[in-house]
Structures are given as structure tokens and as C-alpha cells.
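First up is the structure itself, then whatever we jot down about it.
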Amino acid sequence: MKKVGCLGGTFDPIHNGHLELAKTVRKQCGLDEIWFLPTKDTPLKNRTISPFSTRKKMINLAIKPYRKFKCCEIENKLPTPSYTIQTVKELQKKYPNIEFYWIVGDDQVAQFDKWKNIDELLSLVQFIVVPRQQFKIQDKRLWVCPTFHHEASSTAIREGSFYYLPSSVRKYVLENELYLESIVEKHCSEKRRQHVLSMTELCVKLAIKHNVSVHEATMAGMLHDVCKEMGIDQNKKWISLFYPSLLGVAPAIYHSFTAIPWIKQNLGYTNHRVLNAIFNHTLGLGKSKLSKIVYIADKIDPNRGYDISKQLACAMNDLDEGMELIKREQQEYLKKEGVHV
């Protein structure tokens, strides 16, 4: 009888830790295959998860190199809310010639008292527990896989640590603009987050009007202030490391430069048009349409609280004229305030 380990979860997104876990458990427990079972919903989570089709796509991209790994969509066909006991019974009914094993982390074991019909479930299928938080496992009905550790987490990825993703999944995430709002929420205050969302909406509006990539406008808008609240000292360290010639500029605009290595290192995103637009969004020195759009949108964001109708109308009609108008007004304002950039 074929032995199949079932690894359930939201997989929002699947990451290298999941793949290493699957390889380790399959080898140590003598399993023939590992099936990844994305949940339709999550009874024990209080956040909105990505659509099932999106998570399934990421799983299939991640497991493509592994012939012993499969994606099982069974939970998408089951009624909600989705409970493990329903899934196990349906699997055993549908595949009577397969012996199933259920793989969980010790953090999930700590919540067994919240699982639906947990005692019946433990009698139906053998659980394999993978230690994560060193929760002491005392239940003799559980097998413990003792030799696995990986620092990756889906939460960290949603907050910007894309280096934990398989390259194929990272490419998909970036192309489809996934988790951008989560990144902004993690790295920006609520006031800054509102600015970013409002400014990005304006970027898109201008991009459509002037035949510029909406994707690139979205990426530049959402990420332009990712280092704004990183702190002056940390920003200065990054400036010293990557752009020492810019140490003389006002510290208030360091973030437009340090965002570039941050985005490259954390997200693996290297679109030069987007990065150039972010780099130039404070000084307005970029020559491309995208750079002008990001500069304009940042300066006349509706959330700034003043009438922008004149500037927006000018920019919608002609980017260059809008740019010159806004730059002139910006320089007059800075001069009045005694600010040297």
C-alpha cells in the first residue's frame, strides 16, 4: 500500500521551508509521496488569505522539480468551514488503497483542543509532528520528526522576505503584485500607509493616461517609501555602504536611495525602470515617464490635504508641464521653509 504524507496549510505563500520539510519527512518516515493540501479557508486564522487558485498556482510552481510531490485540491471541493477531519475522511473514501499520514508542526499540536473531533481524527490517521517551537510532545499517538529546522515563515515573506521563496514562486509573486499591501503595512505607519495607497492610485491614473505600464506604476508607488521609517541611523548606514557620494544630501530623502538595495535584497526585484523611478522620486531627476509620474504623484497625493486640481489637470494633460509646475512650487516652498536639499 502506498504511503502518502499530507501537508496541509494555507501556503500563502509556499516557501523553501515547506519544501525542505516535505523532503525531510518523506525520507525519515519512509513515505512514498508528499501531497500538499492548500486549505480553502482557515478556521483558526483571523486574516484574509489569497484566493485558492493563486495559492495552488504557487504550489505547482514550487513542486515542479520534485516528482514525489503533488498538489491535492480536495479541500476546495469540500464545504466550509474547512476541518481536517472532513478532509481525512474524504481522502480515505476516495483513495482506499493509500495509507495517509498527516504532517503538522508542534505549534498546531498546541492548538489540538480547538480542532474539530480531534480524538476521532487521531484514531483515523497517523500524525507526524515537526518541531518548530520546542513544544513538548507527550501524546504517544504522535510520531515526532526530530531533525528538522528552517527559519522561513510565510508571515515573514508576506512582510517582505522574498528570499525564502523558490525562484519560480518569487517571479510569480512579483509579476502578480502579491503581498504589496502587507509589506507596506509592516514597514509604514498608518498615516504613511494611507499616503502610499493614495499615491499609488494616482500613479496608476497617470500611467493609464500617458500609456505607461500600470504594473510598473503600481510597483513603484507601493514601494517608494518602504525605507522611509527605517530610521535615520539605519538609512545612513545603508547610504554609506551603497551610495557614499550621497551622504551630503538631506537625511530626510535618504529613503529614496536606500529603498533600491532593500528592494533588490529582500524582494529580488530588479526592474530598472521601477527602481530608477523610486530612486528619483524625491528630487525629480528621472527622465522617464514613469519617474515623472512617481515624482508627481508623491508630491500631489490627495492625502496631503490641499487642493491639487490645478497640478493634476496639468500633469494629466502633459507630464513635462506638470513636472515643471510641481517642481517650481516645491522649490518655492522649500525656500520659504529654509530647507536645503
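The values are calculated or read from the model by the stated rules, or taken from the named source; none is laboratory data. On a predicted model such as this, the values are computed, not experimentally measured, just so you know. Cβ: placed from backbone, ideal geometry, glycine included. Neighbour counts: every protein chain shown. With ligands, DNA and RNA removed, areas are computed over all heavy atoms of the protein, side chains included. Shrake-Rupley method; radii C 1.70, N 1.55, O 1.52, S 1.80 Å.
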Query raised in the report: Has the stretch 289-302 got at least one residue that is modelled with pLDDT under 95, surrounded by fewer than 20 Cβ atoms within 10 Å (Cβ to Cβ) and of a type outside the set (V, I, T)?
Result: yes
Report summary line: Those residues of the stretch 301-323 which are under 18 Å from D225 (Cβ atoms) and either in a loop (DSSP other than H, G, I, E, B) or of a type outside the set (D, E, K, R) (or both) amount to D301, P302, N303, G305
Report task. Please identify the pairs in which a residue from the stretch 86-110 that is under 20 Å from N76 (Cα atoms) has its Cβ atom under 8 Å from the Cβ atom of a residue that is surrounded by fewer than 14 Cβ atoms within 10 Å (Cβ to Cβ), counting only partners at least 6 apart or on another chain. Result -> Q86/P79
Query raised in the report: If you take the residues in the stretch 163-196 that are hydroxyl-bearing (S, T, Y) and within 16 Å of T270 (Cα to Cα), which one is surrounded by the fewest Cβ atoms within 10 Å (Cβ to Cβ)?
Result: S167
Report summary line: Restricted to the stretch 239-272 and to residues being among the polar types (S, T, N, Q), open to solvent by 20 Å² or more (accessible area, probe 1.4 Å) and more than 20 Å from the chain's Cα centre (by Cα), the residue farthest from S168 (Cα to Cα) is S245
Report task. Report yes if some residue within the stretch 46-54 is in contact with a Ser or Thr (Cβ under 7 Å, 6 or more places away or on another chain) and open to solvent by 30 Å² or more (accessible area, probe 1.4 Å); otherwise report no. Result -> yes
Query - Meets criteria (surrounded by fewer than 16 Cβ atoms within 10 Å (Cβ to Cβ) and in a helix (DSSP H, G or I)) for A220 - result: no
Query - Selection status of T147, hydroxyl-bearing (S, T, Y), within 17 Å of L21 (Cβ to Cβ) and either assigned to a helix (DSSP H, G or I) or open to solvent by 20 Å² or more (accessible area, probe 1.4 Å) (or both) - result: yes
Query raised in the report: Looking at P65, is it more than 23 Å from F148 (Cβ to Cβ), surrounded by fewer than 16 Cβ atoms within 10 Å (Cβ to Cβ) and either among the aliphatic types (A, V, I, L, M) or over 18 Å from the mean Cα position of the chain (by Cα) (or both)?
Result: no
Report task. List every residue pair whose Cβ atoms sit under 9 Å apart, with the two residues 6 or more apart in sequence or on different chains, where the first one lies in the stretch 246-268 and is in a loop (DSSP other than H, G, I, E, B) and the second, anywhere, is of a type in the set (K, R) and surrounded by 16 or more Cβ atoms within 10 Å (Cβ to Cβ). Result -> G268/R170
Requested in this report: Go through the stretch 275-300 and give me each residue that's in a loop (DSSP other than H, G, I, E, B) and either basic (K, R) or at negative phi (or both).
Outcome: N280, H281, T282, L283, L285, G286, K287, S288, I300
Query - Boolean, I239 is more than 27 Å from R304 (Cα to Cα) and in a helix (DSSP H, G or I) - result: yes
Query raised in the report: Has the stretch 154-162 got at least one residue that is open to solvent by 30 Å² or more (accessible area, probe 1.4 Å) and assigned to a loop (DSSP other than H, G, I, E, B)?
Result: yes
Report task. From the list D106, D119, pick out the single residue that is open to solvent by 50 Å² or more (accessible area, probe 1.4 Å) and among the acidic types (D, E). Result -> D119
Query raised in the report: K236: in contact (Cβ under 8 Å) with a residue 12 or more places away in the chain, open to solvent by 70 Å² or more (accessible area, probe 1.4 Å) and within 29 Å of S167 (Cα to Cα), yes or no?
Result: no
